[in-house]
Amino acid sequence: MLEVDIAGQRGEFNYALSFKSAANVTALFGVSGAGKSTLIDAISGHVLPENGRIAVGDSVFFDTINRKNINVRKRRVGHIFQDPRLFPHMNVKRNLTYARWAGWRNKKAASFDDIVDMLGLGDLLTRMPASLSGGERQRVAIGRALLSDPRVLLMDEPLTGLDHWRKMEIMPYFERLANEGGVPIVYVSHDLDEVVQLADHMVLMDGGRVLHHGSVAEVLPKVHGQFDQGKHAPSALIDAHFESIDPSWDMTWLKIGRQNFALSEKLEPRAEPYRVRIDASDVALALNEPRGTSFQNILYGRVLTVEKMGSAYSDVTLSIDGQPIIARVTNKALNEMSITPDLQIFVMIKSVAVEMAL
Amino acid sequence: MDAILSYLALSDVETSAILLSLKVAGVAVLVALPLALLVAFLLARYKFPGRTALNVLVLLPLVVPPVVTGYLLLIAFGRQGFIGKFLFETFDFSFAFQWTGAALAAGVMAFPLMVRPIRQAIEAVNRDWEVTARTLGAGRLTVFFTIIFPLALPGLIAALILGFAKALGEFGATITFVSNIPDETRTLPLAIYSLLQSPGDEGGLWRLTIFSILLAVGAVVLSEVMAQRLKRLSGESDA
């Protein structure tokens with residue numbers, strides 16, 4: 001359980017941040033200047049709020065009422081930065097074990113061999129940081145943080161600055177970490193795809209305040225407006241179960257509720273649902289069952305709410321067998337089609353526009 | 001050939017001056033090094049009252065005429081000096097007219113040249129590494145010895161060699177503070193000076209001059225080799 005309720009000032013920047021999360025992975029999401037890094041630094045102890053409380057599990061890091069402020073090195077926070085910050089004069093093994101030989105942390109810590117295996121670092125142990133690729137360095141930094149026996153892992157945009165392929169290289173390790181659930185993770189990002197892929201709980205921040213927090217599925221539809229003046233449509237997160245692969249078209253059939261859903265990508269069969277992100281601008285609505293359209297996915301849903309986003313368009317939230325999805329339509333269409341709550345309607349989704357979360 | 005070799009052969013007096021110089025300069029830099037490291041670290045990493053004053057004090061021997069430095073040392077550490085008197089009366093120890101006095105003069109003169117490269121090396125150590133080391137549980141002292149010290153090592157070596165070369169060549173402060181006593185305070189430059197004062201031994205003059213140059217070249221080559229080796233060790237050359 002992560003509890004944060006802090007307020008203070010950092011230079012010109014005022015912040016008052018409050019949320020609780022019991023999730024394995026809590027994502028802090030917001031534009032730069034939202035206060036994400038301040039929050040991370042407050043948890044690690046590099047920033048002291050003027051008042052409030054920070055607790056991770058049973059350990060209270062900071063509490064102004066009880067005049068408590070645990071020293072940085074005693075908080076046992078595994079901090080992973082955007083820049084891996086490996087010590088350049090030590091080989092990978094010395095870097096990994098730094099907390100053990102320099103920080104006196106060896107009790108209860110995860111096994112060295114397990115972490116080396118998990119992060120695929122076995123062949124790198126004698127290498128110097130300068131000879132590693134960006135992705136390898138970040139993996140070593142993660143291993144080093146894990147081996148410091150952390151109470152919480154703070155990841156401050158760990159993938160920013162890496163190219164697409166390096167991200168793809170690291171992402172599976174993050175997922176394994178998230179799924180193992182040993183240490184709670186606070187993940188800072190301004191990339192929605194990363195958040196969707198990794199996080200269970202999401203904290204939406206702006207201007208030093210928490211706007212919304214809750215499950216990713218709850219908060220995701222609220223990510224719009226303040227981040228791009230409403231130009232960018234919100235998106236919905238849907239759980240889809242693997243059904244089958246259509247080898248002739250290299251497509252995968254998923255099931256949303258009882259309805260089939262096609263994806264133009266081959267996925268591995270698995271029991272747990274895939275997360276699918278659908279942008280509101282990729283969703284179209286039709287009163288009658290459409291025929292002869294390039295939309296691969298035509299589902300049947302029920303209108304939940306209609307929210308006017310301005311004079312030109314509205315966001316319609318629909319339920320597809322209980323899963324919420326958002327469609328952005330023009331107000332003209334809204335009017336002509338008489339879209340109101342409880343209306344049963346066909347929902348068309350461009351299959352190619354689906355963002356796949358592993 | 002034999003004639004050249006015999007011409008280059010050092011006399012006992014010359015050998016004594018060279019060995020004395022190595023001893024004086026060696027002791028001077030080895031004693032000055034930890035102190036220079038401390039001062040460089042304070043100047044590089046902390047803001048405190050008197051920081052500017054300390055900075056000026058450290059640089060002073062570099063800008064003040066060496067004779068003045070020698071005179072100030074005499075006032076402070078001479079047998080009648082306020083520190084010298086105390087040392088003599090309590091520990092029966094005196095710098096005056098001793099090789100230790102020559103080492104003190106050489107150390108003081110070399111000090112600013114030693115602080116500077118160490119300070120620059122420490123300032124070049126990215127503070128992010130220190131922050132990271134602390135989140136991994138290292139205390140301040142551990143951070144110093146595991147992160148700052150090894151990464152600033154090239155600067156430290158540079159300081160040692162630069163300081164050693166400066167100490168070998170120190171003249172003005174030494175002759176003012178501890179005079180020019182054979183086998184005690186007559187270091188290489190002082191011996192050359194003495195030979196210049198009494199013409200007739202051009203051979204000795206040349207031998208000491210050549211030796212001075214060889215020592216200086218040796219020190220520079222050594223510092224280059226060390227710098228290269230350290231660079232390779234920290235893997236920077238692979239980047």
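Tabulated results
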{"read-out": "Enumeration of residues in the stretch A:39-59 that are part of a helix (DSSP H, G or I) and touching a Pro at 6+ places or on another chain (Cβ under 9 Å)", "value": "A:42"}
{"read-out": "Candidate set: the stretch B:216-239, residues that are surrounded by 14 or more Cβ atoms within 10 Å (Cβ to Cβ), within 14 Å of chain A (Cβ to nearest Cβ) and assigned to a helix (DSSP H, G or I); chosen: the one modelled with the highest pLDDT", "value": "B:230"}
{"read-out": "Filtered residue count, the stretch A:113-156, keeping only those that are of a type in the set (D, E, K, R) and touching a helix residue (DSSP H, G or I) at 6+ places or on another chain (Cβ under 8 Å)", "value": "7"}
{"read-out": "Set A:71, A:91, A:106, A:95: member being within 14 Å of another protein chain (Cβ to nearest Cβ), surrounded by fewer than 21 Cβ atoms within 10 Å (Cβ to Cβ) and modelled with pLDDT of 90 or more", "value": "A:91"}
{"read-out": "Tally, over the stretch A:115-144, of residues that are in contact with a strand residue (DSSP E or B) (Cβ under 8 Å, 6 or more places away or on another chain) and either away from chain B (no Cβ under 14 Å) or among the aromatic types (Phe, Trp, Tyr) (or both)", "value": "0"}
{"read-out": "Within the stretch B:37-56, tally of residues that are touching a helix residue (DSSP H, G or I) at 6+ places or on another chain (Cβ under 9 Å), outside any loop (DSSP other than H, G, I, E, B) and without any contact (Cβ under 8 Å) to a residue 12 or more places away in the chain", "value": "1"}
{"read-out": "Where residue B:182 falls short, out of the listed (1) surrounded by fewer than 21 Cβ atoms within 10 Å (Cβ to Cβ); (2) within 30 Å of residue A:90 (Cβ to Cβ); (3) more than 10 Å from chain A (Cβ to nearest Cβ)", "value": "(2)"}
{"read-out": "Criterion (without any contact (Cβ under 8 Å) to a residue 24 or more places away in the chain and either part of a helix (DSSP H, G or I) or within 28 Å of residue A:222 (Cα to Cα) (or both)) met by exactly one of A:202, A:168", "value": "A:168"}
{"read-out": "Filter pass, residue B:125 being surrounded by fewer than 21 Cβ atoms within 10 Å (Cβ to Cβ), under 18 Å from residue B:41 (Cβ atoms), in contact with a helix residue (DSSP H, G or I) (Cβ under 7 Å, 6 or more places away or on another chain) and aliphatic (A, V, I, L, M)", "value": "yes"}
{"read-out": "Residue in the stretch B:90-101 that is assigned to a helix (DSSP H, G or I) and over 18 Å from the mean Cα position of the chain (by Cα) present", "value": "yes"}
{"read-out": "Single condition residue A:101 does not satisfy, out of (1) of a type outside the set (Lys, Arg); (2) surrounded by fewer than 19 Cβ atoms within 10 Å (Cβ to Cβ); (3) in contact (Cβ under 8 Å) with a residue 12 or more places away in the chain", "value": "(3)"}
{"read-out": "Matching residues, the stretch B:27-44, being under 21 Å from residue B:184 (Cα atoms) and surrounded by fewer than 16 Cβ atoms within 10 Å (Cβ to Cβ)", "value": "B:30, B:31"}
{"read-out": "Any hit, the stretch A:185-202, residues being under 21 Å from residue A:3 (Cα atoms), touching a His at 6+ places or on another chain (Cβ under 6 Å) and buried (at least 24 other Cβ atoms within 10 Å of the Cβ)", "value": "no"}
{"read-out": "Total residues in the stretch B:147-169, condition at the interface with chain A (Cβ under 10 Å from one of its Cβ atoms) and crowded, with 23+ Cβ neighbours inside 10 Å", "value": "1"}
{"read-out": "Failed condition for residue A:333, given (1) farther than 30 Å from residue A:250 by Cβ; (2) assigned to a strand (DSSP E or B); (3) among the small types (Gly, Ala, Ser)", "value": "(2)"}
{"read-out": "Candidates B:59, B:5 - the one that is among the hydrophobic types (A, V, I, L, M, F, W, C), modelled with pLDDT of 90 or more and assigned to a helix (DSSP H, G or I)", "value": "B:59"}
{"read-out": "Single match in A:61, A:81 (criterion: among the aromatic types (Phe, Trp, Tyr) and touching an Asp or Glu at 6+ places or on another chain (Cβ under 9 Å))", "value": "A:81"}
{"read-out": "Those residues of the stretch A:24-37 which are out of contact with any Ser or Thr (no Cβ under 8 Å at 6 or more places or on another chain), away from every other protein chain (no Cβ under 14 Å) and either surrounded by fewer than 22 Cβ atoms within 10 Å (Cβ to Cβ) or not in a helix (DSSP H, G or I) (or both), in sequence order", "value": "A:24, A:25, A:26, A:30, A:31, A:32, A:33, A:34, A:35"}
{"read-out": "Candidate set: the stretch B:113-139, residues that are part of a loop (DSSP other than H, G, I, E, B) and free of Cβ contacts under 8 Å to residues at least 24 places away in the same chain; chosen: the one nearest to the chain's Cα centre (by Cα)", "value": "B:126"}
{"read-out": "Residues of the stretch A:148-175 that turn out to be aliphatic (A, V, I, L, M) and more than 20 Å from residue A:41 (Cα to Cα), as a count", "value": "4"}
{"read-out": "Qualifying residue in the stretch B:152-172 (condition: within 30 Å of residue A:154 (Cβ to Cβ) and either out of contact with any Pro (no Cβ under 6 Å at 6 or more places or on another chain) or of a type in the set (Ser, Thr, Tyr) (or both))", "value": "yes"}
{"read-out": "Residue, nearest to residue A:78 (Cα to Cα), within the stretch B:121-146, restricted to residues that are within 10 Å of another protein chain (Cβ to nearest Cβ) and touching a Gly at 6+ places or on another chain (Cβ under 7 Å)", "value": "B:136"}
{"read-out": "Residue check for residue B:110: part of a loop (DSSP other than H, G, I, E, B), surrounded by 24 or more Cβ atoms within 10 Å (Cβ to Cβ) and at pLDDT 85 or above", "value": "no"}
{"read-out": "Positions within the stretch B:169-215 being touching a residue at least 40 places away in the same chain (Cβ under 8 Å), touching a Ser or Thr at 6+ places or on another chain (Cβ under 7 Å) and assigned to a helix (DSSP H, G or I), in sequence order", "value": "B:173, B:174, B:178, B:188, B:190, B:204"}
{"read-out": "Boolean, residue A:80 is in contact (Cβ under 8 Å) with a residue 40 or more places away in the chain, buried (at least 16 other Cβ atoms within 10 Å of the Cβ) and more than 14 Å from every other protein chain (Cβ to nearest Cβ)", "value": "no"}
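The values are calculated or read from the model by the stated rules, or taken from the named source; none is laboratory data. Fair warning: this is a prediction, and the values are worked out from it, not measured in the lab. Don't worry about glycine lacking a Cβ; one is built from the backbone with ideal geometry, like all the others, and counts go over all protein chains shown.
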